[in-house]
Amino acid sequence: MIVDAHHHLWRLEDGYAWLDAPDLAPIRRTFTPEELTAELDKEGVDRTVLVEGGRCDPDEAGLLLAYAQDTPQIGGVVVWADLTDPGLADRLAGYRELPGGGSIVGARAQIQGEPDPDYLDRPDVHRGLRAVAAAGLAYDLVVTVAQLPAAARAAAVLPEVRFVLDHLGKPRIRAGADGLAQWRAPFAALAAVPNTSAKLSGMVTEADWRAWRVDDLRPYVAAAVELFGPDRLMFGSDWPVCLLAAGYGEVKSALTEALPPLTEQERHAIFGRTAARVYSLG
């Protein structure tokens, strides 16, 4: 079973302010489940994890869960959740009562937009992370490289939380050797904490959108395999954001080519088994 552990769907009229940036014009439109399933069928992908899309609105969850209910390929949904919300536990429980609520497998907030690199050290944030874990959910970390040290500290003091690092922590791939040097040590610190896993996703949009090559991705993929191991890594397309730099099939092919030599079982882990286990996809 091949699993895409990270993609999005959005309706533009619902309000995604981040898409107003001029360079995001190519993806400034609605993306539907029908478009998604066409890509999945073309690339032989069996199941997916649908991740909140930066709307930062609790009402988004109802739409995403409804998509999962009506789209068999969507095996799980990562909903947006404000970690500082004192009523977070009740909100997560309420999501489960919505149509498709059984598809919730994780929660996420846009921590990458927080100006404080130590945001994940805050006691109220830790309280929210405990609520996510108590609900039986994984927590997706969408963070910058500067926020990786705090992520590692949070993972170390909250062993009950299943942390999933999105996009390898958003290294500056387009910066070449400088980007790799800045990223590797804090990434390794997070990988050293056992209750963490990571997605091999979002790399083409951290590289040069128009001139990236597989060789640009290879050092990051190699480091991820070395530090996390295949059993804690998963493929994610980051579709449709990836369309800024590459099509769905190009992203999947690029990862396949960038991976170091692996056994068949190790490749199965990255392209399905890890995601199925971490997100309890069944």
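Does the chain classify as rounded, prolate or oblate by the C-alpha gyration tensor (a ≥ b ≥ c root eigenvalues; a/c under 1.5 gives rounded; else a/b over b/c gives prolate, otherwise oblate)?
Details: a/c = 1.31, a/b = 1.10, b/c = 1.19.
Because its axes are fairly even, with a/c under 1.5, the chain counts as rounded.
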Given labels modelled 7 Å from the Cα in the Cβ direction, how far is it in nm from ARG267 to TRP209?
-> 3.2
Amide H neighbours of TRP10 under 5 Å, counting only residues 5+ apart in sequence or on other chains, H built in-plane at 1.01 Å?
-> PHE31
Taking placed amide H atoms and a strict 5 Å upper bound, the residues 5 or more places from ILE104 or on another chain that come that close are VAL77
For VAL164, list long-range residues whose amide hydrogen, built 1.01 Å from N in the peptide plane, is under 5 Å from its own amide hydrogen.
-> TYR139, ASP140, LEU141, SER197
Roughly what % of DSSP beta bridges within the chain run antiparallel, to the nearest 5?
-> 5
By its C-alpha gyration tensor, with a ≥ b ≥ c as the square roots of the eigenvalues, how is segment 140-279 shaped: rounded for a/c under 1.5, else prolate for a/b larger than b/c, else oblate?
-> oblate
Please give the length that would be gained between GLN69 and ASP23 if that part of the chain were fully extended, namely 0.36 nm times their separation in residues minus their C-alpha to C-alpha distance (nm, one decimal).
-> 13.3 nm
Could you run the Karplus curve 6.51 cos²θ - 1.76 cosθ + 1.60 with θ = phi - 60° over segment 97-104 and give me ³J(HN,Hα) per residue in whole Hz, x for Gly and Pro?
-> 7, 6, x, x, x, x, 8, 5
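Give the calculated FRET efficiency between ALA188 and GLU13 to the nearest 0.05, with a Förster radius of 30 Å applied to their Cβ-Cβ distance. Each step should come with its number before you reach the end.
Values: r = 43 Å, r/R0 = 1.42.
Working from the Cβ atoms, E equals 0.10.
With r as the distance between the Cβ atoms of ILE2 and ALA156 and R0 = 25 Å, compute the FRET efficiency 1/(1 + (r/R0)^6) and round to 0.05. Walk me through the intermediate numbers first.
Working: r = 32 Å, r/R0 = 1.29.
About 0.20, to the nearest 0.05.
Quick one: MET1, MET203, fewest Cβ neighbours within 10 Å first, how do they rank?
Details: MET1 13, MET203 28.
Going from least to most buried by this count: MET1, MET203.
Computed from the coordinates by the stated procedures, all read-outs in this text should not be read as laboratory data. Quantities reported herein were computed from a predicted structural model and do not represent experimental measurements. Positions of Cβ are generated from backbone atoms using ideal geometry, with glycine treated the same way; all protein chains shown enter the neighbour counts.
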